[in-house]
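We did not get these values from a lab; they are worked out from the coordinates using the rules stated. What you see is a predicted model, and the numbers here were worked out from it, not measured in a lab. Glycine gets a Cβ as well: all are built from the backbone with ideal geometry, and neighbour counts include every protein chain shown.
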């Protein structure tokens, strides 16, 4: 049926049903084609509950994940500071050995060169991880607005293909 044959009341009823139950329910209950009601919804900015709920859930999960990454970055920086401080603190070296496999330990004024090298490597890894976490959030912020439009374009393409196939 052409869209002009539907009354404003039928259109409003269809959009209300679309909002709560989706286009298939509109077609089954009111006999208005899914493509027609989907077009009306797009024209008026009406979304189904599942779309708006999914979008809100995705946004909430994204905010939560960003907060967790920031928390992790803070903790990694604290770890890096504690590790770096060990470069200049007294260190205990130990070993098991000898024919009786005895334990020996000695305190040095600071870690050995090899231990300092390992400490610096661990500090570098932590700082690099913090930098990458920050870069991830920057790139995500740059592309997040584009993600919704890609989904909207995809859905519009499906609706167009459906209309063409009727």
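Observations on the structure shown:
- Protection-proxy order for peptides 108-117, 125-134, each taking the mean of Cβ atoms within 10 Å per residue, highest first: 125-134, 108-117
- Relative packing of 26-32, 96-102, which averages over residues the other C-beta atoms within 10 Å, highest first: 26-32, 96-102
- FRET efficiency, 1/(1 + (r/R0)^6) with R0 45 Å, evaluated for residue 112 and residue 63 via beta carbons: 0.50
- Dimensionless Rg ratio for the stretch 15-108, taking C-alpha atoms and the 2.2 N^0.38 Å reference: 2.56
- Ranked for footprinting exposure by Cβ neighbours inside 10 Å, fewest first, 58, 24, 48 give 24, 58, 48.
- When 38, 54 are arranged by Cβ crowding within 10 Å, least crowded first, meaning fewest neighbours, the order is 54, 38.
- Between residue 55 and residue 28, the contour length at 0.36 nm per residue exceeds the alpha carbon distance by 7.1 nm.
- Gain upon complete extension [residue 100, residue 20; 0.36 nm per residue less C-alpha separation]: 21.0 nm
- Over all pairs of different C-alpha atoms, the stretch 3-44 has a mean inverse distance whose reciprocal, the Kirkwood radius, equals 9.7 Å.
- For the stretch 64-97, backbone nitrogen atoms closer than 18 Å to the point 7 Å from residue 136 Cα along Cα-to-C-beta are found at 64-80.
- Stokes-Einstein D for the stretch 56-101, Kirkwood Rh over Cα pairs, 4 °C, 1.567 mPa s (µm²/s): 89 µm²/s
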